[in-house]
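Notes for the one structure printed next.
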Amino acid sequence: MSDVLQKYLPEHAVQPCFELIKNNHVHLKIVNERVTRHGDYRKDTNGYHQITVNANLNKYRFLITLIHEIAHLVAFEKFGRYIKPHGDEWKLTFRQLMLPYIRPEIFPNQLLPLLARHFKNPKASSDTDATLSLALKQYDAKETDKNYIFEIPYGSYFRIHNGRVFKKIALRVKRYECIELQTGRIFLFQPNAEVELVTN
């Protein structure tokens, strides 16, 4: 398992992550990209802890996702199955599990202050922290034909992963208000949402 993890994790995170996986009896599956999530955790009917993480994530996002999912397992085991999935117990557990990794041997220096700020009150997804998400995306391997929604001009049209087309209208506090062309409904998008620009 540690040989496999070397491909997906920063070098100095491999051994401690391997120990976490082993000590918590995790069955880790590395799976093809899913648009809606980076990873997930579930306890199956036989009592096995299964965690899946997307194979396409860069090493830093893979590490954060893996610890995020292990935090679900640990929080449920410690506080019971009826806690909120991303409630206070999970946040506390995630913070405690992640803290040993927030150091320069594991993460690039530019990410450390962003991670320190994020983990004061971690969110259900690191993608909702636009500053951290954009910083992490710099380490993605693949070049993409997509743009971030904050980069495209107001009034322009864009397509999201499921083919729906929108027009960017306005900034509302931190998110962008966009209208779906087919239904006329208004949606709010995070500034770091990746979209495909549609030319008329």
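The values are calculated or read from the model by the stated rules, or taken from the named source; none is laboratory data. Predicted model only: the values in this text are computed from it and were never measured. Cβ coordinates were reconstructed from backbone atoms using ideal geometry, including for glycine residues, and neighbour counts include every protein chain displayed.
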- [ ] Inspect all residues belonging to the range 37-59 and state whether any of them is in a helix (DSSP H, G or I) and either on the phi < 0 side of the Ramachandran plot or among the basic types (Lys, Arg) (or both).
- [x] yes
TODO: Could you tell me whether residue 104 is of a type outside the set (D, E, K, R), touching a Leu at 6+ places or on another chain (Cβ under 7 Å), surrounded by fewer than 19 Cβ atoms within 10 Å (Cβ to Cβ) and in a loop (DSSP other than H, G, I, E, B)?
DONE: yes
Task: Neighbours by Cβ (under 7 Å, 6+ apart or cross-chain): first from the range 1-18, within 21 Å of residue 108 (Cα to Cα); second hydroxyl-bearing (Ser, Thr, Tyr) and modelled with pLDDT of 95 or more - done: 10/60; 13/101
- [ ] Considering every residue within the range 183-194, establish whether at least one is farther than 22 Å from residue 9 by Cβ, out of contact with any Phe, Trp or Tyr (no Cβ under 6 Å at 6 or more places or on another chain) and in the same structural domain as residue 60 (by TED's automatic domain parsing).
- [x] no
Task: Qualifying residues in the range 175-185 (those that are farther than 24 Å from residue 126 by Cα and among the hydrophobic types (A, V, I, L, M, F, W, C)) - the one surrounded by the most Cβ atoms within 10 Å (Cβ to Cβ) - done: 179
- [ ] Report the residue count in the range 126-158 for those that are in contact with a strand residue (DSSP E or B) (Cβ under 8 Å, 6 or more places away or on another chain) and either surrounded by 15 or more Cβ atoms within 10 Å (Cβ to Cβ) or aliphatic (A, V, I, L, M) (or both).
- [x] 10
TODO: Go through the range 126-147 residue by residue and tally those that are under 22 Å from residue 159 (Cα atoms), of a type in the set (Gly, Ala, Ser) and modelled with pLDDT under 85.
DONE: 1
Task: Complete set of residues in the range 14-51 that are under 27 Å from residue 193 (Cβ atoms) and touching a Leu at 6+ places or on another chain (Cβ under 8 Å) - done: 38, 39, 41, 51
TODO: Give the range 75-101 a look and list any residue that's small (Gly, Ala, Ser) and loosely packed, with under 15 Cβ neighbours inside 10 Å, or say none.
DONE: 80, 87
